[in-house]
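Report on the following structure.
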Amino acid sequence: MDIRFDCTQCGRCCHDLRLPLSVDEAIVWAGRGHDVQLLCDALPSLSADPPEDIAARFRHDRSFPALSGGLPIRVAVILVARHEGACPHLLADMRCGNYADRPRVCRIYPAEIAPHVPLRIENKLCPPEAWADDRPLLLCDGVAADDDVRKLIAAHQAATQGDAPVKAGAAMLLGTRSAALWNEGYAVHAPSPDDLVAALREARATMGEVDTGGRWSVVSNRTSTLAMLRDADAEGRLCASGAGYIGFFADEG
């Protein structure tokens, strides 16, 4: 199915978001004093071999191995620019004041960055007129019609994979040791911008020298999940939804 789109400059996509960033982009963003959070989730690792399924392989490639208690896991860390209300670069007329240096996901939007996730118009913030039939072609049979967008998506996916060991080292340096269970939510860590930049730079400069094999706690807002984690010999901890945890399900217990 073809999807047509053209930005109406409504500014909706520039408000109240967690914007995924590469390590390079996070260093620039936090270096300007803006907040960057670490969203962490974990999945039990039953095999050292990369999976063949495209969705599982994408997750595997952007994660790193660790332990939770006696359970081998793979932890994924997403760096996100966090802003409540308007993006700090959004101008009064809804134009971007950082247009030339805006992150890749801003350039890609509303196309998806994960290879297995289809674009669903109802999940996007853009008004109906942005998707009118007279708009330029965005996707053709699920593939970006514009060559530059295809290259940006490929570059973001490559950075996501290449950044994984740097994120592992930075998490260790920051003392970030908790992750939500995959597909249940995210553990949210919010270091100061200066601390994050220092950790990312040190992790990159000392690639391979920072010990990333430490143990992680898997957190959940569901007592049923906590029981399952403990049965699997994982280090589990119950927490409520709030500033340090984004839950996809209602709190239990």
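Which one of the conditions (1) at pLDDT 95 or above; (2) part of a strand (DSSP E or B); (3) not β-branched (Val, Ile, Thr) does Lys151 fail to meet, given that it meets all the rest?
(2)
Residue-wise test of (1) touching a Pro at 6+ places or on another chain (Cβ under 9 Å); (2) surrounded by 18 or more Cβ atoms within 10 Å (Cβ to Cβ).
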| residue | (1), (2) |
| --- | --- |
| Gly162 | no, no |
| Gly169 | no, yes |
| Ala203 | yes, yes |
| Arg215 | no, no |
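Counting only residues that are crowded, with 20+ Cβ neighbours inside 10 Å and out of contact with any helix residue (DSSP H, G or I) (no Cβ under 6 Å at 6 or more places or on another chain), which one in the range 75-92 is nearest to Val105 (Cα to Cα)?
Val80
Residue by residue through the range 198-235, note down the ones that are at pLDDT below 95 and in a strand (DSSP E or B).
Scanning the range 198-235 gives a single hit, Arg215.
With closer than 28 Å to Ala164 by Cβ and within 14 Å of the chain's Cα centre (by Cα) as the only criterion, which of Leu39, Leu71 stands out?
Testing whether each residue is closer than 28 Å to Ala164 by Cβ and within 14 Å of the chain's Cα centre (by Cα) leaves just Leu39.
Could you please tell me which pairs satisfy a Cβ distance under 8 Å, a separation of 6+ or placement on different chains, a first residue in the range 107-134 that is farther than 18 Å from Ile153 by Cα, and a second residue that is among the polar types (S, T, N, Q)?
From the range 107-134, the pairs are Cys126/Thr8; Pro127/Thr8; Glu129/Thr8; Ala130/Thr8.
Inside the range 44-146, counting only strands (runs of 3 or more DSSP E) that do not spill past its ends, which hold 1 or more residues that are under 28 Å from Ile3 (Cα atoms)?
Hits in the range 44-146: 71-86, 137-140.
Please determine, by comparing only the residues of the range 36-70 that are polar (S, T, N, Q) and touching a residue at least 40 places away in the same chain (Cβ under 8 Å), which one is surrounded by the fewest Cβ atoms within 10 Å (Cβ to Cβ).
Here the residue is Gln37.
Among the numbered criteria (1) at pLDDT below 95; (2) loosely packed, with under 15 Cβ neighbours inside 10 Å; (3) more than 19 Å from Glu184 (Cβ to Cβ), which one does Gly33 miss?
(1)
Quick one: in the range 236-253, of everything that is assigned to a loop (DSSP other than H, G, I, E, B) and in contact (Cβ under 8 Å) with a residue 60 or more places away in the chain, which residue is nearest to Ala190 (Cα to Cα)?
Here the answer is Phe248.
The values are calculated or read from the model by the stated rules, or taken from the named source; none is laboratory data. None of the values given here were measured: they were computed from a predicted structure. Ideal geometry is used to build each Cβ from the backbone, glycine not excepted, and the neighbour counts take in all protein chains shown.
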